[in-house]
Amino acid sequence: MPCQPMALDQITLSHFRNHSETRLDGARQFNLLVGENGAGKTNILEALSLFAPGRGLRRAALAEMAGITGAGGFSVGASLREGDDAEPVRFGTYTEAPRQGRRLVQVNGADASAVSLGEWLAIGWLTPSMDRLFTDSAGARRRFMDRMALAIDPSHARHATRYENALRERNRLLSDDRPPEPAWLDGIEAQLADHGAMLAQGRTRLVDALCKEIATFPPEPFARPALSYAAGGPIERDVLAEAFRTGRSRDRAAARTLTGPHRDELQVTMTGKNVPAATCSTGEQKAMLIAIALAHSALAARGRPNLLLLDEVAAHLDPVRRASLFERLRTNGAQVWLTGTELAPFEDIRSEAAIWQVTDGRIERI
């Protein structure tokens, strides 16, 4: 599949972490950020990840992202271009010192919502902290599913948010000393069922699509994962609503809701060995994560412009796997941003890439 001609360029970071004023021009399909640990490479990836709904690749509080040299806020901007002659779309996301906990968004100078960014861009990432995904909590894997799902269907974010809000309210009522009014529960459970069913169905579609894409991968050099979606309750709206209604007494005794997509699980096994990913070696787990990321990137690129952010991935692969990774990235339609401490692991793509040296929050084009 040919690469889409759309990509981010003219990227600016102002008072974002250790970047006082940084600008990156001339981005290509492959973009390399090279520098010592702590230089600010991952900070650039984090800034780019804020062009997706949510809290970014570190899930950090907004106040933590503001640089110590500024007034307490930060801004990140970028242009989405389609070919050389098309008028670019300019994105901006920022915070202001008086309200550091609120992230503001603009598209072409007009106010917009963070959720609306998902209609323009699909963004995925792999970071070293994700290496423990298969041994982490079920909640971490649910967030992983939801991030991938919203990159394919932006409305998924709205269902996730509204379901979480309704779930929090139902749990509050269930844990109250006084029995809740049935009419209150009826209304809240209707919202839970509406958005919970859409949430679960979105996750189901995602996992099914990933399985089909991964099935086209060769068995080597990356370990091929088998994915399955274990629902925490019914995924049909009316059946889910009935489960909430009939489970009130049990849930009140537990002081929380025991059925629903907030109890979903993503199950991953290694094809061939048929063993859970959590019991595989760290190398096998990393290879399966990369396979999932590549499959998701290929799916996302079929809808909207797609960014894939890979933090310190290439350095941990042998030459055969690196070459295979770069070859797949050439054809999957994504604009790719990679970090590393040296250029040697990127020799295969060096002539194709835009390269920046990052040093203490400053950049220099190589």
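The values are calculated or read from the model by the stated rules, or taken from the named source; none is laboratory data. The model shown is predicted, which means the values in this text are computed figures rather than measured ones. Here the Cβ positions follow ideal geometry from the backbone for every residue, glycine too, while neighbour counts run over all protein chains shown.
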If you go through region 297-311 one residue at a time, do you hit one that is out of contact with any strand residue (DSSP E or B) (no Cβ under 9 Å at 6 or more places or on another chain), modelled with pLDDT of 95 or more and not in a strand (DSSP E or B)? no
Being touching a residue at least 40 places away in the same chain (Cβ under 8 Å), among the hydrophobic types (A, V, I, L, M, F, W, C) and over 16 Å from ARG132 (Cβ atoms) narrows it down to one of LEU266, LEU299, LEU258, so name that one. LEU299
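Looking at the structure I just gave you, is GLN267 at pLDDT 95 or above and either touching a strand residue (DSSP E or B) at 6+ places or on another chain (Cβ under 8 Å) or not aliphatic (A, V, I, L, M) (or both)?
Details: at pLDDT 95 or above: yes; either touching a strand residue (DSSP E or B) at 6+ places or on another chain (Cβ under 8 Å) or not aliphatic (A, V, I, L, M) (or both): yes.
Against the criterion (at pLDDT 95 or above and either touching a strand residue (DSSP E or B) at 6+ places or on another chain (Cβ under 8 Å) or not aliphatic (A, V, I, L, M) (or both)), GLN267 qualifies.
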Hey, LEU266 assigned to a loop (DSSP other than H, G, I, E, B) and closer than 30 Å to ALA157 by Cα or not: no
Filter region 326-341 for residues that are in contact (Cβ under 8 Å) with a residue 12 or more places away in the chain, assigned to a helix (DSSP H, G or I) and either out of contact with any Pro (no Cβ under 9 Å at 6 or more places or on another chain) or over 22 Å from LEU8 (Cα atoms) (or both) and give the result. PHE326, ARG328, LEU329, ARG330
In the list ARG59, ARG23, ARG28, ARG17, which residue meets the criterion of being of a type outside the set (Phe, Trp, Tyr), within 23 Å of the chain's Cα centre (by Cα) and more than 21 Å from ALA114 (Cβ to Cβ)? ARG28
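The rows are residues; the columns are (1) touching a Cys at 6+ places or on another chain (Cβ under 9 Å); (2) buried (at least 19 other Cβ atoms within 10 Å of the Cβ); (3) of a type in the set (S, T, N, Q); (4) without any contact (Cβ under 8 Å) to a residue 24 or more places away in the chain.
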residue	(1), (2), (3), (4)
ALA27	no, yes, no, no
PHE30	no, yes, no, no
GLU46	no, yes, no, no
GLY54	no, yes, no, no
ARG81	no, yes, no, no
ALA97	no, no, no, no
GLN106	no, no, yes, yes
ALA112	no, no, no, yes
PRO128	no, no, no, no
Here is a list: GLY233, GLY196, GLY202. Which entry is buried (at least 20 other Cβ atoms within 10 Å of the Cβ), in contact with a helix residue (DSSP H, G or I) (Cβ under 7 Å, 6 or more places away or on another chain) and either outside any helix (DSSP H, G or I) or of a type in the set (Lys, Arg) (or both)? GLY233
Any hit, region 276-296, residues being more than 23 Å from the chain's Cα centre (by Cα) and either within 30 Å of ILE68 (Cβ to Cβ) or assigned to a helix (DSSP H, G or I) (or both): yes
Please work out which residue is surrounded by the most Cβ atoms within 10 Å (Cβ to Cβ), limiting yourself to region 147-164 and to residues that are out of contact with any Leu (no Cβ under 8 Å at 6 or more places or on another chain) and either of a type in the set (A, V, I, L, M, F, W, C) or farther than 16 Å from LEU307 by Cβ (or both). ALA151
Boolean, GLN357 is over 24 Å from the mean Cα position of the chain (by Cα) and part of a strand (DSSP E or B): yes
Which one is surrounded by the fewest Cβ atoms within 10 Å (Cβ to Cβ) among residues in region 165-187 that are more than 32 Å from the chain's Cα centre (by Cα) and of a type in the set (Asp, Glu)? ASP177
Here is a list of conditions, (1) out of contact with any strand residue (DSSP E or B) (no Cβ under 7 Å at 6 or more places or on another chain); (2) under 30 Å from GLU347 (Cβ atoms); (3) at pLDDT below 95; (4) among the basic types (Lys, Arg), and ARG81 meets all of them except one; can you say which number that is? (1)
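Name the single residue that is nearest to ILE292 (Cα to Cα) among those in region 134-185 being of a type in the set (Asp, Glu) and in contact (Cβ under 8 Å) with a residue 24 or more places away in the chain.
Residues of region 134-185 of a type in the set (Asp, Glu): 136, 146, 153, 164, 169, 176-177, 181.
Then drop every residue that is not in contact (Cβ under 8 Å) with a residue 24 or more places away in the chain, which leaves 146, 153, 164.
On the way: ASP146: 14, ASP153: 17, GLU164: 26 Å.
Top of the filtered list is ASP146.
Just name the residue that is nearest to the chain's Cα centre (by Cα) out of those in region 84-129 that are among the acidic types (Asp, Glu) and not in a strand (DSSP E or B).
Among residues in region 84-129 that are among the acidic types (Asp, Glu) and not in a strand (DSSP E or B), the one nearest to the chain's Cα centre (by Cα) is GLU119.
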Counting only residues that are under 11 Å from LEU33 (Cα atoms) and charged (D, E, K, R), region 342-357 contains a total of 1
Report whether or not THR257 is touching an Asp or Glu at 6+ places or on another chain (Cβ under 6 Å), over 24 Å from PRO154 (Cβ atoms) and modelled with pLDDT of 95 or more. yes
